[in-house]
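For reference, the structure is listed below as structure tokens.
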Amino acid sequence: MEIDGPINGGAANSDINLGLFGEYVMNDNLALKLYGIYNTTNEVASYDTPNAGRLFERVRLKTLQAHLLTKFDVNKEYNKGYYVTGGFRLTSILDKTARTDQELLEDFHRKSNIGVLLGMGVNFSKSLSIEVLADRNLTNTLDSENNTAKNYGFYLNLLFDISTLISKQ
């Protein structure tokens, strides 16, 4: 995370994300995907201001995310081999805690933000795939007129399609 403004910030990492996904196949190469993800993020650096000093440190955010993606399979047959994917992310903060100065944290982050995702993946079988998605926010994640956050990150997703176990074709 980079912050433009008087506040200095830092890096973050995420615990394991848990979620569900749905996929609507439009043709042999194209599909729409929707992910619903519960995420916990640990902002490991502190936030320092020039006049007030350290605001708080070690912030933990619990969020609910929706990813709306398009998926383009590069092969002639859908869900076989490599694909390219991209779309938008909506994140809503459910809960936030900090190690110090919990009261100042209440109005620090915006309750929701929007980002863009772009990546690629590979299908190993009809039910198992892995993908890497780069993430960049489009809206400011901080609730501040004087500070703008630029967040960069990535997701490494292991996807298991349970519909192949449920439906016998």
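The values are calculated or read from the model by the stated rules, or taken from the named source; none is laboratory data. Keep in mind that what you see is a predicted model, and the values were worked out from it rather than measured. So basically every Cβ, Gly included, is an ideal-geometry build from the backbone, and we count neighbours across all protein chains shown. SASA here: full protein model, heavy atoms, side chains in, ligands and nucleic acids out. Shrake-Rupley method; radii C 1.70, N 1.55, O 1.52, S 1.80 Å.
Of the GluC sites (Glu not before Pro) found in region 76-156, those that fall in a DSSP loop while having at most 12 other beta-carbon atoms within 10 Å are GLU77, GLU106, GLU145. Only one of (1) 21.6, 72; (2) 18.6, 66; (3) 19.2, 61 was calculated from the structure for Rg and Dmax of the Cα atoms in Å, and its label is (2). Full extension of the segment from PHE160 to LEU18, taken as 0.36 nm per residue of separation minus the current Cα-Cα distance, would add 49.9 nm.
Taken over the chain, lysine pairs spaced eight or more positions apart, or on distinct chains, with alpha carbons under 26 Å apart number 23. Extension gain, LYS76-ARG110: 0.36 nm per intervening residue step, less the Cα-Cα distance, totals 8.0 nm. FRET efficiency for the LYS150 to LEU128 pair, using the beta carbon distance and R₀ = 41 Å, is estimated at 0.75. Carbon and sulfur: what percent of the chain's accessible surface (1.4 Å probe)? Of all accessible area on the chain, carbon and sulfur atoms account for 58 percent.
Taking every protein chain into account, the accessible area of the chain amounts to 60 square angstrom per residue (probe 1.4 Å).
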